[in-house]
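As structure tokens, the structure follows; a few thoughts come after it.
Computed from the coordinates by the stated procedures, all read-outs in this text should not be read as laboratory data. Remember, predicted model here, so these are calculated numbers, not experimental data. Using ideal geometry, Cβ is built from the backbone for each residue, glycine included, and neighbour counts are taken over all protein chains shown.
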Amino acid sequence: MSRFTLPRDLYFGAGSLAELKNLKGTKAIIVTGGNSMRRNGFLQKTIDYLHEANMETRLIEGVEPDPSVETVMKGAAIMREFQPDWIVSIGGGSPIDAAKAMWIFYEHPEADFNEVAKPFNIPALRNKARFVAIPSTSGTATEVTAFSVITDYSKGIKYPLADFEITPDVAIVDPDLAMTMPTELTAHTGMDALTHATEAYVASLHSDFTDPLALKAIQMIVENLLKSYTGDPEARVKMHYAQCLAGMAFSNALLGIVHSMAHKTGAVFHVPHGCANAIYLPYVIDYNKKCCASRLADIPRFLGLQGQTDDELIDAYTTLIQQMNRQMSIPLSLKEYGISEEVFLANLDRISRNAVDDACTGCNPRPTGESDFRQLFRSVYYGTKVTY
């Protein structure tokens, strides 16, 4: 038996943020990141709509990129003091991911982070609060997923928390919020979404329910990301929806080792998550085609790319990805990104070992051990094509 889980309600379209005023409750805590939501007026709108719903509100602001375990625990303590029945998180993937983790420790202060970090090991939620997610970036799709990525900086490891318990109850996908994204963020989050959809299509739990979502998301991203990067408003709308479709796919089909590698190098080399995914994706596609070439070839075939064989079609797709990277000033290797060879080699064994234990590794279509990761990381660092 398989499972397919999404938020109970998803509101989309310009101005859909106003749906907040129809929530039923008494207290809402709002979790957000830096100043962009406040500066652009969306945070005040959120507060005003919740007040229209006759709810008392409190703010948790300043969630950092790649939120830490410490930030999560501090936020959970504030929630336990305030006792909200709604948790509303607005912003990029980081504040929404942090709010999801805060939710766990608000309802279960006795929980141990190391246990919660084990895949599908989160205790039952919704005993105290329900969750609304409102994304401002077009990439992570955390508003519809069963995932949250939290960093333990003392260990230099990103932990992907994974459990359907943290799938939000309500997602509000309002493209107005995405119109203010800077170009670099548009590029990185867009390639994150492309990675989500591509990995979901070949992941071990892909199904007839996830495949159409993944393929449609890939098509929309290929058609709209470069235009969104240059600021085209219609393309921004399409990308905001495409990343959400990709999230619906990967939350249920799961992911693969592009994400395992990005999780385990993000905290060590400080490569932004979407940028890391963009760099790694072509190499991992070439690695995975040894076991699922015909399925990978479905993607370029669906896009109308040219090729007589599966290998030619897959090469056309990886070439397209790297061309998109180039057009958005994303490097094609870790060396080109600027990581010194000395630092890379000093950490190679560590990141390879940690990637094996990442929650996404077991879902990859091709089994991958520590020596495989070591070889892959070398290819990604030096920019050499994967043929093994």
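The residues listed here are His270, His263; of these, the one that is within 30 Å of Val69 (Cβ to Cβ) and either touching a residue at least 60 places away in the same chain (Cβ under 8 Å) or in contact with a strand residue (DSSP E or B) (Cβ under 6 Å, 6 or more places away or on another chain) (or both) is His263.
Scanning region 176-214 for residues that are farther than 21 Å from Tyr280 by Cβ and assigned to a helix (DSSP H, G or I) gives Asp176, Leu177, Ala178, Met179, Thr180, Thr183, Asp211, Pro212, Leu213. Quick check on Pro160: is it assigned to a loop (DSSP other than H, G, I, E, B), touching a residue at least 24 places away in the same chain (Cβ under 8 Å) and not polar (S, T, N, Q)? It is false that Pro160 is assigned to a loop (DSSP other than H, G, I, E, B), touching a residue at least 24 places away in the same chain (Cβ under 8 Å) and not polar (S, T, N, Q).
In this structure, Tyr229 does satisfy being touching a residue at least 60 places away in the same chain (Cβ under 8 Å), more than 20 Å from Ala359 (Cβ to Cβ) and hydroxyl-bearing (Ser, Thr, Tyr). Taking the listed residues Ala187, Ala193, Ala246, the one that is out of contact with any Gly (no Cβ under 8 Å at 6 or more places or on another chain), touching a residue at least 40 places away in the same chain (Cβ under 8 Å) and either at positive phi or not charged (D, E, K, R) (or both) is Ala246, with no other qualifying. The residue of region 200-231 that is surrounded by the most Cβ atoms within 10 Å (Cβ to Cβ), among those that are among the hydrophobic types (A, V, I, L, M, F, W, C) and more than 23 Å from Phe147 (Cβ to Cβ), is Val222. Taking region 232-351 as the region of interest, the helices (runs of 4 or more DSSP H) fully inside it that hold 3 or more residues being touching a Pro at 6+ places or on another chain (Cβ under 9 Å) and over 25 Å from Ile166 (Cα atoms) are 233-253, 273-303, 310-327. Among the residues making up region 352-366, a single one is part of a loop (DSSP other than H, G, I, E, B) and surrounded by fewer than 15 Cβ atoms within 10 Å (Cβ to Cβ): Asp357. Which residue is nearest to the chain's Cα centre (by Cα), if the candidates are limited to region 37-55 and must be surrounded by 21 or more Cβ atoms within 10 Å (Cβ to Cβ) and free of Cβ contacts under 8 Å to residues at least 40 places away in the same chain? Looking at residues that are surrounded by 21 or more Cβ atoms within 10 Å (Cβ to Cβ) and free of Cβ contacts under 8 Å to residues at least 40 places away in the same chain, I get Leu50. Restricting attention to region 46-67, does a residue exist that is in a helix (DSSP H, G or I), of a type in the set (A, V, I, L, M) and touching a Phe, Trp or Tyr at 6+ places or on another chain (Cβ under 9 Å)? Checked region 46-67: at least one residue is in a helix (DSSP H, G or I), of a type in the set (A, V, I, L, M) and touching a Phe, Trp or Tyr at 6+ places or on another chain (Cβ under 9 Å). Residues in region 282-314 that are of a type in the set (Ser, Thr, Tyr) and surrounded by 14 or more Cβ atoms within 10 Å (Cβ to Cβ): Tyr283, Tyr287. Has region 335-345 got at least one residue that is in contact with a helix residue (DSSP H, G or I) (Cβ under 8 Å, 6 or more places away or on another chain), buried (at least 19 other Cβ atoms within 10 Å of the Cβ), more than 23 Å from Ala203 (Cα to Cα) and β-branched (Val, Ile, Thr)? Checking region 335-345: at least one residue is in contact with a helix residue (DSSP H, G or I) (Cβ under 8 Å, 6 or more places away or on another chain), buried (at least 19 other Cβ atoms within 10 Å of the Cβ), more than 23 Å from Ala203 (Cα to Cα) and β-branched (Val, Ile, Thr). Of all residues in region 130-153, which are surrounded by fewer than 21 Cβ atoms within 10 Å (Cβ to Cβ) and over 25 Å from Gly362 (Cα atoms)? Within region 130-153, Arg130 is the sole residue that qualifies.
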